[in-house]
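Here's the structure, in structure tokens; my notes come after.
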Amino acid sequence: EAQVTQNPRYLITVTGKKLTVTCSQNMNHEYMSWYRQDPGLGLRQIYYSMNVEVTDKGDVPEGYKVSRKEKRNFPLILESPSPNQTSLYFCASSLSTGHYEQYFGPGTRLTVT
Amino acid sequence: GENVEQHPSTLSVQEGDSAVIKCTYSDSASNYFPWYKQELGKRPQLIIDIRSNVGEKKDQRIAVTLNKTAKHFSLHITETQPEDSAVYFCAASTSGTYKYIFGTGTRLKVLA
């Protein structure tokens, strides 16, 4: 089944404790992206990747890191999480660089206390 | 920076009526405008998109119109049904950067 998976789905952590949210897709998509969703603010793009080893900042990259060492995986790293990073995070992928439908993962709800 | 404004934030319509959601974008280089639907507790899913070389696109009860001069685009849903109740997001993107700017969302309620 073609899909985007994220792990974990729920995470409660404390300020300053490094964490990684994994994202994987099995559709051989070139483009992958991370978004955060907050009430009243919609979806905001954090980072995106147009291919292996090619990443770029979205609208709200501060406090986050990403890497794209393999085509299928695009982990999101929070080196020192803070309470303002409490949010619902979505990973998405699309076929290629160029404008194509983005397929979203199921979301990861992160709480930083 | 780039911005996409979306209105209204909430919209209630009677079943069978039409619903219109409007978005305005700031970057004149934007050339791709998708609309995503997010049901409660679910992930966003693409429902329709339009590229800047087209003024209107329809898919059954859903249509999107684009006015490049005014830098705004709209989603039109006709003959609304209860299953249309969801949050709808517009977005804009530009060839070359492929960065996406989303609107803040419209919660549509279709009253039976």
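The values are calculated or read from the model by the stated rules, or taken from the named source; none is laboratory data. Not measured: the values here are computed from a predicted model. Here Cβ is always computed from backbone atoms with ideal geometry, including for glycine, and neighbour counts include all displayed protein chains.
Identify, please: which residue in segment A:92-105 is surrounded by fewer than 16 Cβ atoms within 10 Å (Cβ to Cβ) and not hydroxyl-bearing (Ser, Thr, Tyr) and is, among those, farthest from the other protein chains (Cβ to nearest Cβ)?
Among those that are surrounded by fewer than 16 Cβ atoms within 10 Å (Cβ to Cβ) and not hydroxyl-bearing (Ser, Thr, Tyr), it is A:Leu95.
Output the residues belonging to segment B:34-75 that are under 18 Å from B:Ala19 (Cα atoms) and surrounded by fewer than 16 Cβ atoms within 10 Å (Cβ to Cβ). B:Glu39, B:Glu56, B:Lys57, B:Lys58, B:Asp59, B:Gln60, B:Arg61 - these are the residues of segment B:34-75 that are under 18 Å from B:Ala19 (Cα atoms) and surrounded by fewer than 16 Cβ atoms within 10 Å (Cβ to Cβ).
Identify all residues within segment A:89-113 that are part of a loop (DSSP other than H, G, I, E, B) and small (Gly, Ala, Ser); write none if there are none.
Quick first cut of segment A:89-113, residues part of a loop (DSSP other than H, G, I, E, B) only: A:95-102, A:105-107, A:113.
Listed by number, the residues that qualify are A:Ser96, A:Gly98, A:Gly105, A:Gly107.
Listed by position, the strands (runs of 3 or more DSSP E) enclosed by segment A:1-63 that each have at least 2 residues that are more than 27 Å from B:His7 (Cα to Cα) and among the hydroxyl-bearing types (Ser, Thr, Tyr) are A:10-13, A:19-25.
Residues that are within 14 Å of chain B (Cβ to nearest Cβ) and aromatic (Phe, Trp, Tyr) were ranked within segment A:48-91; the one that is surrounded by the most Cβ atoms within 10 Å (Cβ to Cβ) is A:Tyr48. Would you please name the residue that is nearest to the other protein chains (Cβ to nearest Cβ), looking only at residues in segment B:13-32 that are in a strand (DSSP E or B) and touching a residue at least 60 places away in the same chain (Cβ under 8 Å)? Within segment B:13-32, the match that is nearest to the other protein chains (Cβ to nearest Cβ) is B:Tyr32. Taken over segment A:1-46, the criterion of being at the interface with chain B (Cβ under 10 Å from one of its Cβ atoms) and of a type in the set (Phe, Trp, Tyr) is satisfied by A:Tyr31, A:Tyr35.
Contact map, segment B:92-103: first residue under 15 Å from A:Ser49 (Cβ atoms) and within 7 Å of chain A (Cβ to nearest Cβ), second residue hydrophobic (A, V, I, L, M, F, W, C) and surrounded by fewer than 23 Cβ atoms within 10 Å (Cβ to Cβ), Cβ cut-off under 7 Å, separation 6 or more or different chains; pairs are B:Tyr98/A:Met50. When B:Ala63 is tested against (1) more than 11 Å from chain A (Cβ to nearest Cβ); (2) at pLDDT below 95, just one condition goes unmet, and that condition is (2). Hey, could you check segment B:77-91 for residues that are closer than 30 Å to A:Thr97 by Cβ and surrounded by fewer than 23 Cβ atoms within 10 Å (Cβ to Cβ) and say which is nearest to the other protein chains (Cβ to nearest Cβ)? Checking each candidate, the answer is B:Val87.
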